[in-house]
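Written below as structure tokens is the structure these notes are about.
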Amino acid sequence: MKGTWEDMEKCANLGLAKSIGLSNFGVKKISEILEYASIPPALVQVEMNAAWHQENLKKFCKEKGIHVSAWSPLGANGAVWGSLAVMDNPILKDIAIASGKTMAQIALRWLIEQGSTPIVKSFNKERMKANLEIFDWKLNEIDLEKIKQIAQYRAFKGERFISENGPYKTAEELWD
Ligand SMILES: NC(=O)c1ccc[n+]([C@@H]2O[C@H](COP(=O)([O-])OP(=O)(O)OC[C@H]3O[C@@H](n4cnc5c(N)ncnc54)[C@H](OP(=O)(O)O)[C@@H]3O)[C@@H](O)[C@H]2O)c1
């Protein structure tokens with residue numbers, strides 16, 4: 001990680017990259033980078049959505065001034081490893097019905113209100129348009145409290161990165 005980060009810093013210093021950041025790093029791995037970084041990561045991109053809140057990471061990144069970007073903001077329904085934890089969630093469904101928004105809009109707006117940037121994917125023009133219509137309204141306090149109660153579920157377990165012979169022997173070591 002050290003050598004790679006140093007080379008990424010060289011890219012930034014040469015003007016080849018405006019900003020440099022990380023993906024799928026937890027608190028422990030980001031802390032390690034911060035020990036030697038002369039350019040701290042601008043951003044970390046992780047799985048984050050209304051059913052996987054990333055509370056610890058969010059708090060840590062806020063303290064360190066690192067922006068959190070959320071991949072699979074709708075839970076990647078349709079992907080082999082994805083789930084319906086977001087798009088079939090009864091709490092989000094109730095909030096969507098009561099507020100006249102789509103479930104995707106509720107899930108994406110929640111991420112914006114966490115200070116995160118959702119990277120949502122759609123191949124459907126209408127859904128792409130609707131997914132952007134989240135900037136001129138807010139979730140209310142009651143809805144935010146309800147979303148806090150959603151059962152937490154990490155869709156991407158990363159099992160292929162866990163090995164007896166590798167640096168990460170358990171899921172806890174991989175994701176801290
Ligand atoms: N850094 C990483 O390790 C990592 C890992 C995974 C993903 N990512 C990035 O994150 C991006 C998004 O993640 P993702 O594709 O895994 O998950 P996602 O954006 O949570 O889900 C995509 C799925 O949601 C559907 N969808 C989109 N808008 C919708 C709406 N308004 N209503 C209903 N369904 C909707 C899409 O179908 P339709 O196309 O039919 O709308 C697609 O099946 C990807 O483009 C990828 O680059 C990064």
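The values are calculated or read from the model by the stated rules, or taken from the named source; none is laboratory data. Because the structure is a prediction, the values reported are computed rather than measured. No Cβ is skipped: glycine too gets one built from the backbone with ideal geometry, and neighbour counts run over all protein chains shown.
Condition test on S122, is it part of a loop (DSSP other than H, G, I, E, B), on the phi < 0 side of the Ramachandran plot and near the ligand (Cβ under 10 Å from one of its atoms)? Judged against the criteria, S122 is a match. For the structure I just gave you, tell me whether S69 is closer than 26 Å to I134 by Cα and not aliphatic (A, V, I, L, M). Yes, satisfied.
Mind checking whether some residue in segment 3-13 is modelled with pLDDT of 95 or more, within 14 Å of the ligand (Cβ to nearest atom), surrounded by fewer than 19 Cβ atoms within 10 Å (Cβ to Cβ) and over 15 Å from Y153 (Cα atoms)? There is no residue in segment 3-13 that is modelled with pLDDT of 95 or more, within 14 Å of the ligand (Cβ to nearest atom), surrounded by fewer than 19 Cβ atoms within 10 Å (Cβ to Cβ) and over 15 Å from Y153 (Cα atoms). For segment 58-78, which residues satisfy the criterion of being within 22 Å of K29 (Cα to Cα) and touching a helix residue (DSSP H, G or I) at 6+ places or on another chain (Cβ under 6 Å)? Once the filter is applied, which keeps residues that are within 22 Å of K29 (Cα to Cα) and touching a helix residue (DSSP H, G or I) at 6+ places or on another chain (Cβ under 6 Å), segment 58-78 yields F60, V68, A70.
When the test is whether a residue is touching a residue at least 24 places away in the same chain (Cβ under 8 Å), hydrophobic (A, V, I, L, M, F, W, C), more than 14 Å from the ligand (Cβ to nearest atom) and under 30 Å from K29 (Cβ atoms), A85 does not pass it. Residues in segment 76-98 that are over 14 Å from E47 (Cβ atoms) and in a loop (DSSP other than H, G, I, E, B): G78, V80, L84, M87, D88, N89.
When P73, P41 are screened for being more than 12 Å from the ligand (Cβ to nearest atom), at pLDDT 95 or above, assigned to a loop (DSSP other than H, G, I, E, B) and in contact with a strand residue (DSSP E or B) (Cβ under 7 Å, 6 or more places away or on another chain), only P41 passes. Residues in segment 76-98 that are out of contact with any strand residue (DSSP E or B) (no Cβ under 6 Å at 6 or more places or on another chain) and more than 16 Å from K146 (Cα to Cα): A76, N77, G78, A79, V80, W81, G82, S83.
For the residues A130, A155, the requirement of being surrounded by 12 or more Cβ atoms within 10 Å (Cβ to Cβ), closer than 14 Å to Q54 by Cα, within 10 Å of the ligand (Cβ to nearest atom) and not charged (D, E, K, R) singles out A155.
Scanning segment 143-176 for residues that are assigned to a loop (DSSP other than H, G, I, E, B) and within 17 Å of the chain's Cα centre (by Cα) yields I150, A151, Q152, Y153, R154, A155, F156, K157, G158, D176.
Taking first residues from segment 37-53 that are free of Cβ contacts under 8 Å to residues at least 40 places away in the same chain and partners that are polar (S, T, N, Q) and away from the ligand (no atom under 14 Å from the Cβ), the Cβ contacts under 6 Å between residues at least 6 apart in sequence or on separate chains come to A42/S19. Reported count of residues in segment 115-140, each being of a type in the set (A, V, I, L, M, F, W, C), free of Cβ contacts under 8 Å to residues at least 12 places away in the same chain and under 17 Å from K101 (Cβ atoms), is 2.
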